[in-house]
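Bear in mind these aren't lab numbers, they're just calculated from the coordinates by the rules spelled out. All values reported here derive from a predicted model rather than from experimental measurement.
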Amino acid sequence: MAANQELDNVLSMRVQVAADTRALAQHYLLPEKPKQVPGQPPPVETPEFVRRMADASGAVEVICSLTNIFGVMTGFKNFSAESSISDLTFVLNTNPFWVKNATYLVPLLNTAINAFEDNRQLRAQNQPLWNGLEMRKVSLEMKQAFEKFLRIN
């Protein structure tokens, strides 16, 4: 009975984390609905808004998949290893946003996974030689420096 309860708790956490991840990604990535202009067609029916919504919806699903993949790599129980295999083999490769941007995203994913694993191995070795290679000290500064390239407006 205790094993069933633990399994139920893990599955419940996975569902909640997936829902929370999707909600957060939608909050930041989905475009705001444009205001209705009298005498004009509804702005949510314009081809531009539909295209932006489709791209953003695809990006939301990419975020959900990547969050799950890295959550599994970290070893957290509230992420699904089974889903991460599906994410890597099917979900990402059939996502229009991923496919459209694969030339940029695949190398970034490969680099991130390799860096994650390299960092794990370096921490396990605990050798002073490698301590200087950790970039956490300048991580925020680097993100802020590159922010201007990510802004469209």
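Observations on the model:
- Karplus-based coupling profile of region 110-123, in residue order and whole Hz: 4, 5, 5, 5, 5, 5, 4, 5, 4, 4, 4, 5, 5, 5, with θ = phi - 60° in 6.51 cos²θ - 1.76 cosθ + 1.60 and x standing for Gly or Pro.
- Per-residue ³J(HN,Hα) for region 16-27, Karplus 6.51 cos²θ - 1.76 cosθ + 1.60, θ = phi - 60°, Hz, x for Gly and Pro: 5, 5, 4, 5, 5, 4, 4, 4, 5, 4, 5, 4
- Largest-first principal axis extents of the Cα set of region 45-92 (Å): 43, 18, 11
- Rounded to the nearest whole Hz, the Karplus-based 3J(HN,Hα) values (6.51 cos²θ - 1.76 cosθ + 1.60, θ = phi - 60°) of region 89-96 follow the sequence 9, 10, 4, 5, 6, 10, 7, x, with x at glycine and proline.
- Three-way shape call for region 68-113 based on the alpha-carbon gyration tensor, with the a/c threshold at 1.5: oblate
- Over 20 Å [Cα-Cα, region 1-100], rounded percent: 50 percent
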